[in-house]
Amino acid sequence: MIDKFELNEEEILLFMYSENELGIEAAIAPASMMTHWHLAHPGGYAQHILNVVKNSFGAKKLWQVAGAHIDFTDEEMVFCALHHDLGKLGDENGAYYKPQDQDWLLKKGEVYKMNSNVQYMEVTDRAVYNLQRYGIKYNWKEYLGIKLADGMYNDACEKYLKSFRPELRLKTNLPLVIHLADYISCRAEHDAWCHPKQNINQVVAHE
């Protein structure tokens, strides 16, 4: 377990990922609802999370080589990577995804659909909601690392990422490293789906 957590926080995290609604979903949930997106199959969520954790170290090293400031710990980075998509597991009201039951949509590659019984939230908003309802603490860097994981693909991130005033710019590079790791992972997962006969291995610069 990550060193940053006190014993009680470790136990809470273990409980969250054990035999309750989030723990069960973490084992069987897909990473997306469309086959041409990424890992739209049972277990795809867990596979994607592990890829993002792994690739976050490569993204961090790339930033270091480029001379960017690393103002966060590995523990903070891994915490964000582990939980950036936690909202895709749904919440106490049900799973986020349900199997698609419309043949015409299945033929288009939409193998899952949104669960209409669950209140709409951005995935990252539901992620921090789930963390707080289990009493899991996080600092402001970790909050932004999760909140901004989708980068410019999410309009809700725009004000954080497109500020033209120095005093409003991000004061940490953690969200940018997490987004890069997420983007690389999604693209590699998509490429593996497009080219299943090729041996596509993710190269991670981490010793």
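The values are calculated or read from the model by the stated rules, or taken from the named source; none is laboratory data. In this text, all values refer to a predicted model and were calculated from it rather than measured experimentally. Here the Cβ positions follow ideal geometry from the backbone for every residue, glycine too, while neighbour counts run over all protein chains shown. The accessibility values were calculated without ligands, DNA or RNA, using every heavy atom of the protein model including side chains. Shrake-Rupley method; radii C 1.70, N 1.55, O 1.52, S 1.80 Å.
Quick notes on this structure:
- Hey, TYR45 assigned to a helix (DSSP H, G or I), of a type outside the set (S, T, N, Q), in contact with a Lys or Arg (Cβ under 8 Å, 6 or more places away or on another chain) and under 23 Å from ALA181 (Cα atoms) or not: yes
- A Cβ distance below 8 Å, combined with a sequence gap of six or more or placement on separate chains, defines the contacts here; from segment 79-95, residues that are more than 10 Å from ALA149 (Cβ to Cβ) and touching a residue at least 24 places away in the same chain (Cβ under 8 Å) reach residues that are part of a loop (DSSP other than H, G, I, E, B) and open to solvent by less than 10 Å² (accessible area, probe 1.4 Å) in the pairs LYS88/ALA29; LYS88/ALA31; LEU89/ALA29; ALA95/ALA29.
- Note on segment 151-177: residues that are closer than 19 Å to CYS80 by Cβ, part of a loop (DSSP other than H, G, I, E, B) and open to solvent by less than 90 Å² (accessible area, probe 1.4 Å) total 4.
- Which numbered condition LEU144 misses (of (1) touching a Pro at 6+ places or on another chain (Cβ under 8 Å); (2) touching a residue at least 60 places away in the same chain (Cβ under 8 Å); (3) among the aliphatic types (A, V, I, L, M); (4) in a helix (DSSP H, G or I)): (2)
- The residue of segment 104-124 that is farthest from HIS36 (Cα to Cα), among those that are open to solvent by less than 50 Å² (accessible area, probe 1.4 Å), not in a loop (DSSP other than H, G, I, E, B) and not hydroxyl-bearing (Ser, Thr, Tyr), is VAL123.
- Annotation: TYR143 fulfils all but one of (1) modelled with pLDDT of 95 or more; (2) open to solvent by 40 Å² or more (accessible area, probe 1.4 Å); (3) more than 13 Å from the chain's Cα centre (by Cα); the unmet one is (3).
Residue by residue, here is whether (1) within 19 Å of TYR129 (Cα to Cα); (2) open to solvent by 80 Å² or more (accessible area, probe 1.4 Å) holds:
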| position | (1), (2) |
| --- | --- |
| HIS48 | no, no |
| ALA59 | no, no |
| GLN64 | no, yes |
| ASP74 | no, no |
| ASP85 | yes, no |
| GLN100 | no, no |
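- Taken over segment 10-32, residues that are outside any helix (DSSP H, G or I), closer than 13 Å to ILE49 by Cα and either without any contact (Cβ under 8 Å) to a residue 12 or more places away in the chain or open to solvent by 50 Å² or more (accessible area, probe 1.4 Å) (or both) amount to 0.
- Condition met for GLY90 (on the phi > 0 side of the Ramachandran plot and either in contact with a Cys (Cβ under 6 Å, 6 or more places away or on another chain) or open to solvent by 20 Å² or more (accessible area, probe 1.4 Å) (or both)): no
- So ILE24, is it among the β-branched types (Val, Ile, Thr), under 16 Å from the mean Cα position of the chain (by Cα) and more than 16 Å from PRO175 (Cβ to Cβ): no
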